[in-house]
Amino acid sequence: MISFSQVSKRFPGGFEALRDVTFTIEAGEMAFVSGHSGAGKSTLLKMIAAIETPSSGSVVVNGQNIGKMSRTAVPYLRRNVGLVFQDHKLLFNRTAFENVMLPLHIAGFDPTEGARRVRAALDKVGLLNREKAFPVALSGGEQQRLCIARAIVNRPSILLADEPTGNLDANYAHDILEMFKSFNQVGVTILIATPDPTAAREWKARLLTLNHGALAA
Amino acid sequence: MRIWLIHHRQAAALVLRQFARTPVATFLTMLVIAVSLSLPAGLYALLKNVNDLASLAHGEPQITLVLASSANSSAIDDIRARLQKYADIAEVRFISREQGLQELNKDVGLGEITAGLEKNPLPDIFTVRSTHHDAESIVRLQKELQALPKVDAALLDEAWAKRLEALLGLGQKAVLILAILLGFALVVITGNTVRLQILSARDEIEVSKLIGATDPFVRRPFLYHGALQGLCGGILAWAIVAITFHLLNDNVGKLTDLYSFSFLLTLPSTTDIAGLLIFGALLGWLGAYLSVGRHLREVEPH
């Protein structure tokens, strides 16, 4: 499903974000990537969504080689990869409903069928009663859940979350991880970046630890 | 196909909502486009009117055959028969020397002078109208007629025809150059408004790309924006021309009354209007396309 083979990433200026990283995540697996700030967690997740390309080595996602993909194929890969951002990246001039509708709109869904799916996704994250609210009217935790609803509405096979619980208190963080676990139980491959390695133990998930861009054994 | 239609409808709806959100700015931009379109469009329409006016005032250019004084009535009949056989002669009129004298007395009011003449100094003449309207074929016909027997001279107000043609040619070229220059301005104006649109929609574009939007999907609303803006500019330009002509017609009416014929400026034909609107929409689309091409890659997610 996700396979890194001897992947390195050097940014212009010489900073090496990833060094010789090799791992494979099977379909339906749930894994955590942990490491200190700047260890390369975000870069690793971005490569899976083809936001960054490797400087050397190969990244294969759903059978497609990220480094060798044509520009026109990238959007179709991304439709199959749900992204949850630490800063949510919500559109503030659209309601909660419209924010979640956006991926379906892009994929060309029938509006009626789309609306049904949007409500199902909002229901899953517990925001069904806030569908008409604008993101500014939502709390930090609610914004994060809205971002999750947007990531899952297109029923992707892979869900990537970059520090999804970063700004949340412990209870809230627990709820969010519970949610990811339930998605994993219906077969979604999940990769979560977090600075805190204890979560993986708590959720009995696989843990990849990055240290200055290299994968610790 | 269905998806494609949905996408296009949504892009158009999005643009209309944008227009509705900033009505004043949108209207002003369209007005600027309209002004730059109305100049060549108005001049073009005016030029067509000048053309009409010229042929109305002068009639079609005609050739006058001055017959030799030795031409008797059988020679005249012979010439008439020959003239009627020409395929490119539309109309032949004979004016005998007596008729000529009468017309001179009546029309021009030279009665007192002609009354003093001992004998009629006028020749018999034929006036001939060509089926052609361009100076070249008329001149060719004139040369042919000149060669007929018993014809002293075939006179053509050639200078007039050529002058008009040259003048109209000049006008047409001026309109063309103006249209190109202002068309370029229109592309730049549209490109700039679309650039501002892209900048203000930065977040939206970035997020859309992150969740799987293709380039055509991202581009589409901006192309609609440009084309629609150009189209509305074209409609406004037509309105400007129509209003201007309406205002001018008051004076044109008074002026032509003084010259004792009636003439009013006529508005561009439906084909010309359709051309104007398509031209506006196409240039708007082009401006948007160039601008989106330049700026869209700057908004790459990272």
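Per the Kirkwood treatment, what hydrodynamic radius in Å, one decimal, follows for the protein assembly as shown from the mean inverse distance over all distinct Cα pairs? Each step should come with its number before you reach the end.
Values: mean 1/r = 0.0334 Å⁻¹.
Kirkwood radius, the protein assembly as shown: 29.9 Å.
Could you put B:L39, B:L141 in order, starting from the residue whose Cβ has the fewest other Cβ atoms within 10 Å? Provide the component values of the computation, followed by the final result.
Values: B:L39 18, B:L141 21.
Ascending Cβ contact count within 10 Å gives the list B:L39, B:L141.
When averaged across all projection directions, what area in nm² does the alpha-carbon convex hull of the range A:58-217 cover? Walk me through the intermediate numbers first.
Details: hull surface 42.7 nm².
Here the figure is 10.7 nm², rounded to one decimal.
Over every pair of different alpha-carbon atoms in the range A:112-168, take the mean of 1/r and invert it; report that Kirkwood radius in Å. Walk me through the intermediate numbers first.
Working: mean 1/r = 0.0839 Å⁻¹.
Averaging 1/r across every pair of different Cα atoms and inverting gives 11.9 Å.
Could you please rank B:I6, B:I180, B:I273, placing first whichever residue has the fewest other Cβ atoms within 10 Å of its Cβ?
On the way: B:I6 16, B:I180 11, B:I273 19.
The fewest-first ordering by Cβ neighbours comes to B:I180, B:I6, B:I273.
In what sequence do A:L191, B:L223, B:L155 fall when counting other Cβ within 10 Å, fewest first? Each step should come with its number before you reach the end.
Working: A:L191 26, B:L223 21, B:L155 16.
Arranged by neighbour count, lowest to highest, A:L191, B:L223, B:L155 become B:L155, B:L223, A:L191.
Given the pairs B:K48/B:K162; A:K9/A:K68; A:K9/B:K209, which are separated by over 20 angstrom at their Cα positions? Don't jump to the answer; show the numbers that get you there.
Working: B:K48/B:K162 17 Å; A:K9/A:K68 15 Å; A:K9/B:K209 22 Å.
Beyond 20 Å: A:K9/B:K209.
So, counting K/R as plus one and D/E as minus one, what does the shell of residues with Cβ under 15 Å around B:T256 add up to? Kindly include the intermediate steps, with their values, before the conclusion.
Working: positive: B:K254; negative: B:D52, B:D250, B:D257.
Overall, the nearby charge balance is -2.
Just round it to a whole percent: the fraction of Cα-Cα distances in the range B:1-108 exceeding 20 Å. All intermediate terms of the calculation are to be shown ahead of the outcome.
Working: 4173 of 5778 pairs.
Result for the distance tail: 72 percent.
Mean residue ellipticity at 222 nm from the helices of chain B, using -39,500 (n - 2.57) per DSSP H segment of n ≥ 4 over the full residue count, to the nearest 500 deg cm²/dmol? Can you show the working numbers first?
Details: 10 runs with 220 residues, N = 302.
Counting only the DSSP helices, I get -25500 deg cm²/dmol.
Taking the radius of gyration and the Kirkwood hydrodynamic radius from Cα positions alone, what is the Rg/Rh ratio for the range B:62-156, to two decimal places? Please report the intermediate quantities before stating the final value.
Values: Rg = 14.4 Å, Rh = 14.2 Å.
In the range B:62-156, Rg relative to Rh is 1.02.
Using a 10 Å Cβ count of at most 15 others and DSSP loop calls, identify the longest part of chain B lacking such chymotrypsin sites (Phe, Trp or Tyr not before Pro). Kindly include the intermediate steps, with their values, before the conclusion.
Values: sites that count: B:Y86, B:Y259, B:F261.
Between exposed loop sites, the widest span is B:87-258.
Excluding residues fewer than 8 places away in the same chain, name every one of the lysines whose C-alpha is closer than 24 Å to that of B:K119.
Within reach: B:K106, B:K150.
Going through the range A:1-104, which GluC sites (Glu not before Pro) have at most 14 other Cβ atoms within 10 Å and a DSSP loop state? Each step should come with its number before you reach the end.
Details: sites: A:E16, A:E26, A:E29, A:E52, A:E98; in loops: A:E26, A:E29, A:E52.
When the GluC sites (Glu not before Pro) of the range A:1-104 are filtered for loop state and at most 14 Cβ neighbours within 10 Å, A:E26 remain.
Test of understanding: in a Gaussian network model of chain A with alpha carbons linked when under 10 Å, which of A:S182, A:S58, A:S70 would top the mean-square fluctuation ranking?
Of A:S182, A:S58, A:S70, the most mobile in the Gaussian network model is A:S70.
Could you work out the relative contact order of the range A:63-217, using alpha carbon pairs under 8 angstrom and six or more residues apart, expressed as a whole percent? Could the numbers behind the result be given before it?
Working: 184 pairs, mean separation 41.5, N = 155.
Answer for the range A:63-217 is 27 percent.
Taking H placed 1.01 Å from N in the peptide plane, check which residues at least 5 places from A:Q86 or on another chain put their amide H under 5 Å from its amide H.
Under 5 Å from the amide H of A:Q86 lie the amide H atoms of A:D162, each far enough along the sequence or on another chain.
Can you give the relative contact order of the range B:62-156 as a percent, counting alpha carbon pairs under 8 Å and 6+ residues apart? Working shown, then result.
Numbers: 123 pairs, mean separation 48.4, N = 95.
In percent, rounded to a whole number, it is 51.
Please give the calculated 222 nm ellipticity per residue for chain A, where each DSSP H segment of at least 4 residues contributes -39500 (n - 2.57) and the sum is spread over every residue; nearest 500 deg cm²/dmol? Write down the numbers at each step before the final one.
On the way: 7 runs with 73 residues, N = 217.
After summing the helix terms and dividing by residue count, I get -10000 deg cm²/dmol.
Taking the Cβ of A:D175 as the center, what net charge do the other residues with Cβ under 13 Å away carry, scoring Lys and Arg +1 and Asp and Glu -1?
Working: positive: A:K124, A:R145, A:K181; negative: A:E142, A:D169, A:E178.
Here the charged neighbours net out to 0.
Once you have the Kirkwood Rh of chain B from its Cα pairs, apply Stokes-Einstein at 25 °C and 0.890 mPa s and quote D in µm²/s.
Values: Rh = 24.5 Å.
Answer from the Stokes-Einstein relation: 100 µm²/s.
Quick note: the coordinates plus some simple rules give every number you see, no bench work behind them. No experiment lies behind these values; they were computed from the predicted model shown. We place every Cβ from the backbone using ideal geometry, glycine too, and count neighbours over all the protein chains shown.
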